[in-house]
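See structure below.
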Ligand code: GCO
Ligand code: MG
(Lines give C-alpha, C1' and ligand atoms only; values in the text may rest on other atoms or scores of the structure.)
(Ligands and ions follow the chains in the order given, each with its own letter.)
Protein backbone atom coordinates (compact mmCIF):
# COMPACT_ATOMS: atom_id res chain seq x y z
CA UNK A 1 0.00 0.00 0.00
CA UNK A 2 1.21 3.53 -0.79
CA UNK A 3 0.22 7.01 0.34
CA UNK A 4 -1.09 8.89 -2.72
CA UNK A 5 -2.50 12.08 -1.20
CA UNK A 6 -2.58 14.06 2.04
CA UNK A 7 -5.40 16.56 2.38
CA UNK A 8 -5.58 19.18 5.12
CA UNK A 9 -9.13 20.35 5.83
CA UNK A 10 -9.80 23.42 7.99
CA UNK A 11 -13.37 24.06 9.10
CA UNK A 12 -15.24 25.72 11.94
CA UNK A 13 -18.48 23.94 12.86
CA UNK A 14 -18.65 26.00 16.08
CA UNK A 15 -14.88 26.12 16.53
CA UNK A 16 -11.88 25.61 14.30
CA UNK A 17 -10.58 22.14 13.51
CA UNK A 18 -7.62 21.09 11.36
CA UNK A 19 -8.21 17.60 9.97
CA UNK A 20 -5.79 15.45 7.99
CA UNK A 21 -6.92 12.89 5.44
CA UNK A 22 -4.28 10.39 4.28
CA UNK A 23 -5.35 8.62 1.10
CA UNK A 24 -3.83 5.39 -0.26
CA UNK A 25 -3.64 3.68 -3.64
CA UNK A 26 -5.83 0.84 -2.31
CA UNK A 27 -8.85 3.02 -1.67
CA UNK A 28 -8.41 3.02 2.12
CA UNK A 29 -7.97 6.37 3.81
CA UNK A 30 -7.37 7.51 7.38
CA UNK A 31 -8.36 10.62 9.33
CA UNK A 32 -6.32 12.57 11.91
CA UNK A 33 -6.77 15.67 14.09
CA UNK A 34 -4.05 18.37 14.01
CA UNK A 35 -5.83 21.26 15.74
CA UNK A 36 -3.90 23.74 17.88
CA UNK A 37 -6.45 26.17 19.31
CA UNK A 38 -5.69 29.75 18.19
CA UNK A 39 -2.69 28.72 16.05
CA UNK A 40 -4.49 26.51 13.51
CA UNK A 41 -2.93 27.94 10.33
CA UNK A 42 0.61 27.28 11.54
CA UNK A 43 -0.10 23.53 11.60
CA UNK A 44 -1.77 23.71 8.18
CA UNK A 45 1.38 25.24 6.65
CA UNK A 46 3.63 22.78 8.49
CA UNK A 47 1.63 19.85 7.10
CA UNK A 48 1.12 21.11 3.57
CA UNK A 49 4.57 22.58 2.97
CA UNK A 50 6.85 20.35 5.02
CA UNK A 51 5.19 17.01 5.79
CA UNK A 52 2.93 16.00 2.89
CA UNK A 53 5.64 16.17 0.18
CA UNK A 54 7.88 13.82 2.21
CA UNK A 55 5.21 11.15 2.68
CA UNK A 56 3.72 10.69 -0.79
CA UNK A 57 4.68 7.23 -2.07
CA UNK A 58 5.52 5.81 1.37
CA UNK A 59 4.00 2.69 2.93
CA UNK A 60 1.32 3.89 5.43
CA UNK A 61 1.79 0.68 7.43
CA UNK A 62 5.19 1.82 8.72
CA UNK A 63 3.66 3.95 11.47
CA UNK A 64 6.56 3.96 13.94
CA UNK A 65 9.09 4.66 11.20
CA UNK A 66 7.05 7.59 9.85
CA UNK A 67 6.64 8.94 13.40
CA UNK A 68 10.41 8.79 13.94
CA UNK A 69 11.04 10.26 10.47
CA UNK A 70 8.87 13.29 11.25
CA UNK A 71 10.16 13.62 14.84
CA UNK A 72 13.90 13.02 14.51
CA UNK A 73 14.06 14.00 10.86
CA UNK A 74 12.76 17.53 11.47
CA UNK A 75 15.85 18.30 13.61
CA UNK A 76 13.61 20.92 15.35
CA UNK A 77 11.97 18.41 17.67
CA UNK A 78 8.93 18.74 19.91
CA UNK A 79 6.70 21.78 20.33
CA UNK A 80 2.94 22.04 19.82
CA UNK A 81 2.96 22.73 16.07
CA UNK A 82 5.37 19.93 15.15
CA UNK A 83 3.70 17.43 17.45
CA UNK A 84 0.17 18.28 16.27
CA UNK A 85 1.30 17.78 12.67
CA UNK A 86 2.83 14.42 13.60
CA UNK A 87 -0.37 13.59 15.51
CA UNK A 88 -2.60 14.28 12.51
CA UNK A 89 -0.57 11.93 10.32
CA UNK A 90 -0.14 9.28 13.03
CA UNK A 91 -3.88 9.03 13.82
CA UNK A 92 -4.64 8.68 10.11
CA UNK A 93 -2.05 5.90 9.73
CA UNK A 94 -3.43 3.96 12.72
CA UNK A 95 -6.89 4.43 11.22
CA UNK A 96 -5.71 2.92 7.92
CA UNK A 97 -3.91 0.02 9.62
CA UNK A 98 -6.94 -0.87 11.76
CA UNK A 99 -9.31 -0.55 8.80
CA UNK A 100 -7.02 -2.86 6.78
CA UNK A 101 -7.09 -5.34 9.68
CA UNK A 102 -10.90 -4.91 9.89
CA UNK A 103 -10.53 -4.28 13.62
CA UNK A 104 -11.35 -1.42 15.97
CA UNK A 105 -8.12 0.40 16.86
CA UNK A 106 -8.15 -0.70 20.51
CA UNK A 107 -7.67 -4.32 19.36
CA UNK A 108 -4.33 -3.36 17.82
CA UNK A 109 -3.33 -1.68 21.10
CA UNK A 110 -3.70 -4.91 23.05
CA UNK A 111 -7.46 -5.19 23.40
CA UNK A 112 -9.77 -4.04 26.17
CA UNK A 113 -8.58 -3.54 29.73
CA UNK A 114 -11.99 -2.20 30.86
CA UNK A 115 -15.64 -2.19 29.93
CA UNK A 116 -16.22 1.56 29.82
CA UNK A 117 -14.41 4.89 30.01
CA UNK A 118 -15.36 7.25 32.83
CA UNK A 119 -15.53 10.91 31.83
CA UNK A 120 -15.77 14.22 33.63
CA UNK A 121 -17.67 17.23 32.35
CA UNK A 122 -17.46 20.89 33.34
CA UNK A 123 -19.70 23.11 35.39
CA UNK A 124 -19.03 26.86 35.62
CA UNK A 125 -21.09 29.53 37.32
CA UNK A 126 -21.20 33.16 38.30
CA UNK A 127 -21.63 32.25 41.98
CA UNK A 128 -21.47 29.17 44.22
CA UNK A 129 -25.23 28.54 44.14
CA UNK A 130 -25.20 28.44 40.33
CA UNK A 131 -22.32 25.93 40.34
CA UNK A 132 -24.11 23.73 42.91
CA UNK A 133 -27.20 23.68 40.68
CA UNK A 134 -25.07 22.84 37.65
CA UNK A 135 -23.32 19.97 39.43
CA UNK A 136 -26.66 18.60 40.65
CA UNK A 137 -28.00 18.73 37.09
CA UNK A 138 -25.02 16.77 35.77
CA UNK A 139 -25.39 14.21 38.58
CA UNK A 140 -28.94 13.65 37.38
CA UNK A 141 -27.56 13.09 33.87
CA UNK A 142 -25.42 10.24 35.22
CA UNK A 143 -22.04 11.95 35.63
CA UNK A 144 -19.83 10.39 38.31
CA UNK A 145 -17.08 12.99 37.91
CA UNK A 146 -17.53 16.75 37.53
CA UNK A 147 -15.13 19.71 37.24
CA UNK A 148 -16.37 22.80 39.10
CA UNK A 149 -15.27 26.41 38.51
CA UNK A 150 -16.72 29.65 39.87
CA UNK A 151 -16.35 33.33 38.98
CA UNK A 152 -14.61 35.60 41.45
CA UNK A 153 -16.95 38.16 43.05
CA UNK A 154 -15.95 41.68 42.11
CA UNK A 155 -14.22 40.58 38.89
CA UNK A 156 -15.81 39.95 35.50
CA UNK A 157 -16.32 36.23 34.66
CA UNK A 158 -13.09 34.72 33.39
CA UNK A 159 -12.22 31.80 31.14
CA UNK A 160 -13.44 28.52 32.57
CA UNK A 161 -15.85 30.02 35.08
CA UNK A 162 -18.61 31.77 33.14
CA UNK A 163 -21.51 29.85 31.70
CA UNK A 164 -20.34 30.07 28.08
CA UNK A 165 -16.57 30.25 27.94
CA UNK A 166 -16.20 27.75 25.13
CA UNK A 167 -16.05 28.96 21.56
CA UNK A 168 -18.83 26.62 20.57
CA UNK A 169 -21.06 28.17 23.20
CA UNK A 170 -20.39 31.61 21.80
CA UNK A 171 -17.77 32.84 24.24
CA UNK A 172 -14.65 32.60 22.11
CA UNK A 173 -15.31 33.59 18.52
CA UNK A 174 -13.14 36.69 18.56
CA UNK A 175 -10.95 38.02 15.78
CA UNK A 176 -8.46 39.11 18.46
CA UNK A 177 -7.87 37.81 22.01
CA UNK A 178 -10.04 39.32 24.75
CA UNK A 179 -8.33 40.49 27.95
CA UNK A 180 -9.44 39.21 31.36
CA UNK A 181 -8.60 40.24 34.93
CA UNK A 182 -7.08 37.95 37.53
CA UNK A 183 -6.60 38.40 41.31
CA UNK A 184 -5.13 35.47 43.24
CA UNK A 185 -5.96 36.85 46.70
CA UNK A 186 -9.64 36.97 45.77
CA UNK A 187 -9.60 33.47 44.26
CA UNK A 188 -7.76 31.50 46.97
CA UNK A 189 -10.31 31.84 49.80
CA UNK A 190 -13.23 31.28 47.42
CA UNK A 191 -12.41 27.81 46.07
CA UNK A 192 -12.57 25.92 49.41
CA UNK A 193 -15.98 27.56 50.01
CA UNK A 194 -17.15 26.28 46.62
CA UNK A 195 -16.14 22.71 47.42
CA UNK A 196 -17.54 22.86 50.96
CA UNK A 197 -20.90 23.90 49.46
CA UNK A 198 -20.65 21.15 46.86
CA UNK A 199 -19.94 18.42 49.44
CA UNK A 200 -22.80 19.73 51.62
CA UNK A 201 -25.22 19.65 48.70
CA UNK A 202 -24.15 16.78 46.47
CA UNK A 203 -22.45 14.52 49.00
CA UNK A 204 -19.37 12.34 48.77
CA UNK A 205 -20.38 9.78 46.16
CA UNK A 206 -19.11 11.91 43.27
CA UNK A 207 -15.63 12.80 42.02
CA UNK A 208 -15.08 16.56 42.11
CA UNK A 209 -12.28 18.19 40.13
CA UNK A 210 -10.92 21.73 39.83
CA UNK A 211 -8.77 23.43 37.16
CA UNK A 212 -6.48 26.31 38.23
CA UNK A 213 -5.39 27.03 34.62
CA UNK A 214 -1.73 27.56 35.62
CA UNK A 215 -2.56 30.71 37.58
CA UNK A 216 -0.74 30.18 40.92
CA UNK A 217 2.80 30.13 42.29
CA UNK A 218 3.97 26.88 43.93
CA UNK A 219 3.45 28.07 47.50
CA UNK A 220 0.01 29.49 46.65
CA UNK A 221 -0.91 26.15 45.09
CA UNK A 222 0.38 24.34 48.18
CA UNK A 223 -1.89 26.49 50.34
CA UNK A 224 -4.88 25.79 48.08
CA UNK A 225 -4.13 22.06 48.12
CA UNK A 226 -4.09 22.05 51.94
CA UNK A 227 -7.31 24.06 52.15
CA UNK A 228 -9.05 21.66 49.75
CA UNK A 229 -7.93 18.47 51.51
CA UNK A 230 -11.09 18.16 53.67
CA UNK A 231 -13.21 17.99 50.50
CA UNK A 232 -11.24 15.13 48.93
CA UNK A 233 -11.00 16.35 45.33
CA UNK A 234 -10.26 13.83 42.60
CA UNK A 235 -7.58 16.29 41.47
CA UNK A 236 -6.29 19.81 41.36
CA UNK A 237 -5.38 20.57 37.73
CA UNK A 238 -2.65 22.83 36.32
CA UNK A 239 -2.02 24.45 39.69
CA UNK A 240 1.12 26.23 38.45
CA UNK A 241 2.66 26.97 35.05
CA UNK A 242 3.38 23.56 33.58
CA UNK A 243 6.97 24.32 32.59
CA UNK A 244 7.97 24.94 36.22
CA UNK A 245 8.47 21.30 37.13
CA UNK A 246 10.38 21.79 40.38
CA UNK A 247 7.43 23.80 41.62
CA UNK A 248 5.40 20.60 41.88
CA UNK A 249 7.84 19.34 44.50
CA UNK A 250 6.92 22.30 46.70
CA UNK A 251 3.20 21.56 46.30
CA UNK A 252 3.80 17.85 47.06
CA UNK A 253 5.71 18.66 50.25
CA UNK A 254 2.65 20.37 51.67
CA UNK A 255 -0.43 18.47 50.56
CA UNK A 256 -1.86 15.03 49.81
CA UNK A 257 -4.20 16.63 47.27
CA UNK A 258 -3.87 14.58 44.01
CA UNK A 259 -2.35 16.66 41.22
CA UNK A 260 -2.94 16.66 37.45
CA UNK A 261 -1.07 18.43 34.67
CA UNK A 262 -0.09 17.96 31.04
CA UNK A 263 -2.63 19.42 28.59
CA UNK A 264 0.09 21.60 27.04
CA UNK A 265 2.76 18.88 27.03
CA UNK A 266 3.79 17.39 23.70
CA UNK A 267 6.20 14.53 24.43
CA UNK A 268 7.37 12.24 27.21
CA UNK A 269 10.30 14.60 27.71
CA UNK A 270 7.93 17.33 28.92
CA UNK A 271 6.69 15.13 31.76
CA UNK A 272 9.63 12.83 32.45
CA UNK A 273 10.64 14.51 35.72
CA UNK A 274 7.08 14.94 36.97
CA UNK A 275 6.34 11.26 36.34
CA UNK A 276 9.60 9.64 37.41
CA UNK A 277 9.75 11.68 40.63
CA UNK A 278 6.05 10.92 41.24
CA UNK A 279 5.25 14.61 41.61
CA UNK A 280 1.87 14.20 39.91
CA UNK A 281 -0.94 11.65 39.97
CA UNK A 282 -2.56 12.17 36.55
CA UNK A 283 -0.92 12.99 33.24
CA UNK A 284 -3.27 14.95 30.97
CA UNK A 285 -1.64 14.69 27.54
CA UNK A 286 -3.95 14.09 24.60
CA UNK A 287 -3.48 12.41 21.23
CA UNK A 288 -3.64 15.57 19.11
CA UNK A 289 -1.03 17.49 21.10
CA UNK A 290 1.28 14.64 22.05
CA UNK A 291 2.12 13.02 18.72
CA UNK A 292 -0.98 10.94 18.06
CA UNK A 293 -1.73 7.42 19.19
CA UNK A 294 1.98 6.52 19.04
CA UNK A 295 3.06 9.49 21.18
CA UNK A 296 0.24 9.07 23.69
CA UNK A 297 0.94 5.38 24.14
CA UNK A 298 4.64 6.03 24.78
CA UNK A 299 3.80 8.56 27.52
CA UNK A 300 1.12 6.46 29.23
CA UNK A 301 3.30 3.34 29.19
CA UNK A 302 6.11 5.31 30.83
CA UNK A 303 3.64 6.76 33.38
CA UNK A 304 2.27 3.32 34.26
CA UNK A 305 5.65 2.29 35.71
CA UNK A 306 5.31 5.10 38.26
CA UNK A 307 1.61 4.61 39.14
CA UNK A 308 0.69 7.81 37.33
CA UNK A 309 -2.69 7.48 35.63
CA UNK A 310 -3.98 8.81 32.31
CA UNK A 311 -6.42 11.68 31.92
CA UNK A 312 -6.59 12.74 28.28
CA UNK A 313 -7.35 16.39 27.72
CA UNK A 314 -10.74 16.48 25.95
CA UNK A 315 -12.23 19.95 25.61
CA UNK A 316 -14.19 21.03 22.53
CA UNK A 317 -11.01 22.09 20.71
CA UNK A 318 -9.82 18.45 20.73
CA UNK A 319 -11.83 17.26 17.72
CA UNK A 320 -14.03 14.14 17.66
CA UNK A 321 -11.20 12.45 15.72
CA UNK A 322 -8.67 12.92 18.53
CA UNK A 323 -11.42 12.07 21.02
CA UNK A 324 -11.94 8.78 19.19
CA UNK A 325 -8.22 7.98 19.36
CA UNK A 326 -8.16 8.90 23.05
CA UNK A 327 -11.08 6.56 23.78
CA UNK A 328 -9.36 3.63 22.03
CA UNK A 329 -6.20 4.25 24.07
CA UNK A 330 -8.26 4.78 27.27
CA UNK A 331 -9.96 1.44 26.93
CA UNK A 332 -6.72 -0.45 26.25
CA UNK A 333 -4.08 0.86 28.69
CA UNK A 334 -3.68 -0.56 32.20
CA UNK A 335 -3.28 2.84 33.92
CA UNK A 336 -6.42 4.66 32.75
CA UNK A 337 -7.61 7.36 35.14
CA UNK A 338 -10.35 9.44 33.56
CA UNK A 339 -11.26 11.10 30.23
CA UNK A 340 -12.25 14.77 29.93
CA UNK A 341 -15.33 15.15 27.72
CA UNK A 342 -17.04 18.47 27.03
CA UNK A 343 -19.30 17.24 24.25
CA UNK A 344 -19.64 18.87 20.81
CA UNK A 345 -22.04 21.03 18.83
CA UNK A 346 -24.53 19.33 16.53
CA UNK A 347 -22.69 20.84 13.54
CA UNK A 348 -19.44 19.23 14.76
CA UNK A 349 -21.15 15.84 14.96
CA UNK A 350 -22.59 16.33 11.45
CA UNK A 351 -19.11 17.03 10.14
CA UNK A 352 -17.48 14.09 11.98
CA UNK A 353 -19.70 10.98 11.83
CA UNK A 354 -18.30 8.69 14.52
CA UNK A 355 -18.57 5.21 15.96
CA UNK A 356 -17.69 6.19 19.53
CA UNK A 357 -20.60 6.94 21.81
CA UNK A 358 -21.37 8.73 25.06
CA UNK A 359 -23.99 7.67 27.55
CA UNK A 360 -24.58 8.90 31.10
CA UNK A 361 -21.02 9.71 32.09
CA UNK A 362 -19.23 6.98 30.14
CA UNK A 363 -17.74 6.58 26.65
CA UNK A 364 -17.39 3.57 24.36
CA UNK A 365 -14.98 3.34 21.40
CA UNK A 366 -17.41 1.42 19.19
CA UNK A 367 -16.58 -1.61 17.06
CA UNK A 368 -16.10 0.01 13.64
CA UNK A 369 -12.79 -0.82 11.93
CA UNK A 370 -10.19 1.94 12.49
CA UNK A 371 -10.68 4.63 15.09
CA UNK A 372 -14.22 4.97 13.80
CA UNK A 373 -14.32 8.70 13.03
CA UNK A 374 -14.78 10.07 9.51
CA UNK A 375 -15.05 13.56 8.05
CA UNK A 376 -17.91 14.68 5.79
CA UNK A 377 -16.08 17.07 3.49
CA UNK A 378 -19.28 18.52 2.02
CA UNK A 379 -20.41 19.51 5.52
CA UNK A 380 -16.93 20.89 6.30
CA UNK A 381 -17.21 23.24 3.30
CA UNK A 382 -20.25 24.87 4.89
CA UNK A 383 -18.18 26.05 7.88
CA UNK A 384 -15.14 28.09 6.80
CA UNK A 385 -12.26 28.92 9.16
CA UNK A 386 -13.13 31.75 11.56
CA UNK A 387 -10.22 33.38 13.45
CA UNK A 388 -10.63 32.76 17.20
CA UNK A 389 -8.30 33.09 20.15
CA UNK A 390 -8.05 32.14 23.78
CA UNK A 391 -8.16 35.16 26.09
CA UNK A 392 -5.12 36.70 27.76
CA UNK A 393 -5.15 37.66 31.45
CA UNK A 394 -3.84 40.68 33.34
CA UNK A 395 -3.59 41.46 37.04
CA UNK A 396 -5.70 44.33 38.34
CA UNK A 397 -2.75 46.70 37.80
CA UNK A 398 -2.42 45.67 34.16
CA UNK A 399 0.49 43.18 34.43
CA UNK A 400 0.17 40.31 31.97
CA UNK A 401 -0.16 36.98 33.84
CA UNK A 402 -0.76 33.27 33.25
CA UNK A 403 -4.42 32.36 32.95
C1 LIG B 1 -9.31 21.97 30.01
C2 LIG B 1 -8.59 23.12 29.46
C3 LIG B 1 -9.14 23.80 28.28
C4 LIG B 1 -8.05 24.57 27.59
C5 LIG B 1 -8.27 24.70 26.13
C6 LIG B 1 -7.14 25.41 25.44
O7 LIG B 1 -8.94 21.53 31.07
O8 LIG B 1 -10.18 21.48 29.31
O9 LIG B 1 -7.90 23.87 30.39
O10 LIG B 1 -10.23 24.59 28.62
O11 LIG B 1 -7.90 25.81 28.15
O12 LIG B 1 -8.43 23.42 25.62
O13 LIG B 1 -7.29 25.34 24.07
MG1 MG C 1 -7.30 22.43 31.93
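If you go through region 232-251 and keep only what is modelled with pLDDT of 95 or more and surrounded by fewer than 19 Cβ atoms within 10 Å (Cβ to Cβ), you end up with 232, 249, 250. Is there a residue being surrounded by fewer than 21 Cβ atoms within 10 Å (Cβ to Cβ), outside the structural domain of residue 17 (by TED's automatic domain parsing) and on the phi > 0 side of the Ramachandran plot anywhere in region 315-324? The answer is no, given that none of the residues of region 315-324 is surrounded by fewer than 21 Cβ atoms within 10 Å (Cβ to Cβ), outside the structural domain of residue 17 (by TED's automatic domain parsing) and on the phi > 0 side of the Ramachandran plot.
Being under 20 Å from residue 340 (Cβ atoms) and outside any strand (DSSP E or B) is the filter here; which residues of region 175-213 pass it? The answer is 191, 194, 195, 198, 202, 206, 212, 213. Residue count for region 267-302 under the criterion of being touching a strand residue (DSSP E or B) at 6+ places or on another chain (Cβ under 8 Å) and part of a helix (DSSP H, G or I): the result is 6. Once region 183-228 is narrowed to residues that are within 16 Å of ligand 2 (Cβ to nearest atom) and more than 25 Å from residue 133 (Cα to Cα), the residue that is surrounded by the most Cβ atoms within 10 Å (Cβ to Cβ) is 221.
Looking at this structure, is residue 263 under 19 Å from residue 83 (Cβ atoms) and at pLDDT 95 or above? When the stated conditions are applied, residue 263 passes them.
Answer yes or no: is there a residue in region 246-265 that is over 15 Å from residue 282 (Cα atoms), within 16 Å of ligand 1 (Cβ to nearest atom), within 22 Å of the chain's Cα centre (by Cα) and assigned to a loop (DSSP other than H, G, I, E, B). Within region 246-265, not a single residue is over 15 Å from residue 282 (Cα atoms), within 16 Å of ligand 1 (Cβ to nearest atom), within 22 Å of the chain's Cα centre (by Cα) and assigned to a loop (DSSP other than H, G, I, E, B).
Listed residues 305, 280, 299, 327; which is closer than 16 Å to residue 87 by Cβ, assigned by TED's automatic domain parsing to the domain that holds residue 222, over 13 Å from the mean Cα position of the chain (by Cα) and modelled with pLDDT of 95 or more? Full working, then the answer.
Numbers: 305 fails: closer than 16 Å to residue 87 by Cβ; 280 fails: closer than 16 Å to residue 87 by Cβ; 327 fails: over 13 Å from the mean Cα position of the chain (by Cα).
Only one candidate qualifies: 299.
The values are calculated or read from the model by the stated rules, or taken from the named source; none is laboratory data. Please read all numbers here as calculations on a predicted model, not as lab measurements. Cβ sites come from the backbone with ideal geometry, for glycine too, and all protein chains shown count toward neighbours.
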